[in-house]
1. Would you check if residue 32 is surrounded by 12 or more Cβ atoms within 10 Å (Cβ to Cβ), among the acidic types (Asp, Glu) and free of Cβ contacts under 8 Å to residues at least 24 places away in the same chain?
2. Filter the stretch 23-48 down to the residues that are over 17 Å from the mean Cα position of the chain (by Cα) and more than 14 Å from residue 84 (Cα to Cα) and list them by number.
3. Would you check which residues across the stretch 1-21 are open to solvent by 80 Å² or more (accessible area, probe 1.4 Å) and either over 16 Å from the mean Cα position of the chain (by Cα) or β-branched (Val, Ile, Thr) (or both) and list them?
4. Residues that are touching a Ser or Thr at 6+ places or on another chain (Cβ under 8 Å) and of a type outside the set (A, V, I, L, M): list the helices (runs of 4 or more DSSP H) wholly contained in the chain that include at least 2 such residues.
5. Is there a residue being small (Gly, Ala, Ser), exposed (fewer than 11 other Cβ atoms within 10 Å of the Cβ) and within 26 Å of residue 1 (Cα to Cα) anywhere in the stretch 46-66?
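The values are calculated or read from the model by the stated rules, or taken from the named source; none is laboratory data. Not measured: the values here are computed from a predicted model. Don't worry about glycine lacking a Cβ; one is built from the backbone with ideal geometry, like all the others, and counts go over all protein chains shown. Surface areas here come from the heavy atoms of the whole protein model, side chains and all, with no ligands, DNA or RNA. Shrake-Rupley method; radii C 1.70, N 1.55, O 1.52, S 1.80 Å.
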Amino acid sequence: AKAKGISLPSGPDTVQQNMINDISKKTGKEFDKAYVNQMVKDHEATLDMFKKEQTMVKDTSLKAFITNTIPVIQHHLDAIKAIKGGM
C-alpha cells in the first residue's frame with residue numbers, strides 16, 4: 001500500500017470500534033451468533049468493494065491483487081455462511 005501511495009487506517013473507526021465493544025460484551029451462544037453475523041456482513045461488504053474497485057482501478061498490479069483476492073474473499077464468505085447455517 002505504501003509503495004502505491006495508499007494510506008491505511010491505524011485502527012478501527014468509530015463504527016467498527018462500537019461493533020467490537022458491543023460484541024465483546026456478549027458471551028456464549030450470544031457472542032457466537034453476533035460474531036458470525038458480523039463476519040457475514042463484513043465479508044459481503046468487502047467482496048462488494050473489491051468487485052466495484054476491480055472495474056475502476058487502472059494500476060495493473062493493484063488490479064491483479066484485487067482479481068486474485070476476490071476468490072479468497074468469496075471462499076471465506078461461503079465458509080462463514082456455512083457456519084452460520086449450522087448454528
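1. Numbers: surrounded by 12 or more Cβ atoms within 10 Å (Cβ to Cβ): yes; among the acidic types (Asp, Glu): yes; free of Cβ contacts under 8 Å to residues at least 24 places away in the same chain: no.
So residue 32 does not fit the description; no.
2. The answer is 24, 25, 26, 27, 28.
3. Scanning the stretch 1-21 gives 2, 3, 4, 7, 10, 14, 15, 18.
4. Here the list reads 28-56.
5. Keep residues of the stretch 46-66 that are small (Gly, Ala, Ser), which gives 61, 64.
Cutting the leftovers down to exposed (fewer than 11 other Cβ atoms within 10 Å of the Cβ) gives us 61.
Right, trim to within 26 Å of residue 1 (Cα to Cα) and you get 61.
Yes: one or more hits.
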